[in-house]
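> Starting off with a structure, shown below.
Nothing in this text is a laboratory measurement; each read-out follows from the coordinates by a stated rule. Remember, predicted model here, so these are calculated numbers, not experimental data. FYI the Cβ positions are ideal-geometry reconstructions off the backbone, even for glycines, and counts take in every protein chain you see.
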Amino acid sequence: MEEYKETNDRAADVYSKRVRAGKRTYFFDVKSTRGSDFYLTITESKKRFRDNGFYYEKHKIFLYKEDFGKFIESLEEAIVKIKELMPDYDFNQVVEEEAYESNDEAQESELKWD
């Protein structure tokens, strides 16, 4: 969904990127306000199970343009620190579960009705 959607909603979706990461999915959504300003929401979604089925547990962060610089700087510092603490870990590796989920998604897309 990389297109701008004109809506009458308070916040219009401008851009969305989904990142599957094991049992979690992250959404990076750029939204537009009525005043033509933009902000970012970062949503973590986890599939949870109950007796009668499943639901998605979501946590959301709203990030405003005036905070981008500090946020990026702090995130980069934290990631550098983790990489220093785990020098032998391959941070670009694909988790087997991600590959399995991608296969499931491909099978689901084949089953969709037009």
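> Compute the FRET efficiency between LYS70 and ARG48 as 1/(1 + (r/R0)^6), taking r as their Cβ-Cβ distance and R0 = 30 Å, and round to the nearest 0.05.
Once rounded, the FRET efficiency stands at 0.40.
> Can you sort THR43, THR33 by how many other beta carbons sit within 10 Å, fewest first?
THR33, THR43
> Let me ask something additional. For the pairs LYS31/LYS83; LYS47/LYS70; LYS17/LYS47, flag any whose C-alpha to C-alpha distance is greater than 27 Å.
Checking Cα-Cα distances, LYS31/LYS83; LYS47/LYS70 exceed 27 Å.
> Hey, what do the phi angles of the range 36-53 turn into as Karplus ³J(HN,Hα) couplings, whole Hz, using 6.51/-1.76/1.60 and θ = phi - 60°, x for Gly and Pro?
6, 9, 10, 8, 10, 10, 10, 10, 9, 10, 10, 7, 10, 10, 10, 4, 9, x
> Let's test the formula: R0 of 41 Å, r as the Cβ-Cβ distance of ALA78 and THR33. What FRET efficiency results, to the nearest 0.05?
0.90
> What is the extension gain from THR41 to LYS60, computed as 0.36 nm multiplied by their sequence separation minus the C-alpha to C-alpha distance, in nm to one decimal?
Fully extending the segment from THR41 to LYS60 adds 6.2 nm.
> Set the Förster distance to 41 Å, then compute FRET efficiency between SER16 and LEU85 from the Cβ-Cβ distance, nearest 0.05.
E between SER16 and LEU85, to the nearest 0.05, is 0.80.
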